[in-house]
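Since every read-out is calculated from the coordinates, none of them should be taken as a lab result. This is a predicted model, so every value here is computed, not measured. Methodologically, a virtual Cβ is constructed for each residue, glycine included, from the backbone with ideal geometry; neighbour enumeration extends over all protein chains shown.
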Amino acid sequence: MKVTRLGGADIRARAEGLAALLADTVAGGASVGFLAPMDTADALAWWHERAAAVASGQAAVWAAADGDRVLGTVSLAFPDKPNSRHRAEVVKLMVHRDARGRGLGRTLLTTAEEAAAAAGITLLHLDTETGSPAEHLYRSAGWTRVGVIPDYAADPAGALRGTTIYYKHLGAG
């Protein structure tokens, strides 16, 4: 399986596979900002917005693929304020249900961390659904838990869930 950084044109070219991954992630119950069932048109539109964000430098996206099939993604969102250029947010770490349990999530997270450090980013942060399997990944990868915000977002079924905030220092600030 190969992990590749995608440019805006790459995202548009792979939009169908990326949308299928997003739909599978939502169908599997992961709280990534969408309600089930995930409409294909909505998933495609969301990825087209990501293509524009990547093209403008507001985001970076990596995809893990097995041939033409996209099995996972991770993104970094970059702040646009001068006082926050040292940090980025890890967003939308997704692994297809068929590929879970094989270390792909850790590979994608490490890819984002290494790319951020190489770009001079010294602080990463993220949020994840409290009690989700992703929490184990972040803790085991050296991320620090800040705390929980109750009833932060609805899960794909529409139930309000807490979110846990994490951060990780990548180097001296």
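The table for this structure:
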{"item": "Amide H contacts under 5 Å for V91, placed H, 5+ residues apart", "result": "S75, L76, A77"}
{"item": "Set of region 97-138 residues, backbone N closer than 11 Å to the point 7 Å along the Cα-Cβ line of H169", "result": "123"}
{"item": "Prolate/oblate/rounded label for region 127-173 (Cα gyration tensor, a/c 1.5)", "result": "prolate"}
{"item": "Mean separation of Cα contacts under 8 Å (6+ apart) over length of region 23-171, as relative contact order %", "result": "23 percent"}
{"item": "Trypsin sites (Lys or Arg not before Pro) restricted to DSSP loop in region 1-102 with at most 15 other C-beta within 10 Å", "result": "R85, R100, R102"}
{"item": "Net +/- balance of residues flanking D155 in space, Cβ distance below 13 Å, scoring K and R +1, D and E -1", "result": "-1"}
{"item": "Theoretical ellipticity at 222 nm over the chain - DSSP helices of four or more residues, -39500 (n - 2.57) apiece, nearest 500", "result": "-10500 deg cm²/dmol"}
{"item": "Full-stretch length increase - N83, A118 - with 0.36 nm per residue and alpha-carbon distance subtracted", "result": "10.7 nm"}
{"item": "Label-to-label distance, nm, for residues given as T40 and S140 (7 Å Cα→Cβ offset)", "result": "3.5 nm"}
{"item": "Nearby aspartates and glutamates by direct alpha-carbon distance to K168 (threshold 13 angstrom, same-chain neighbours under 8 apart not counted)", "result": "E89, E113, E114, D127"}
{"item": "Beta bridges per DSSP with both ends in the chain, % antiparallel, nearest 5", "result": "90 percent"}
{"item": "Pairwise Cα inverse-distance average, inverted: Kirkwood Rh of the chain (Å)", "result": "16.3 Å"}
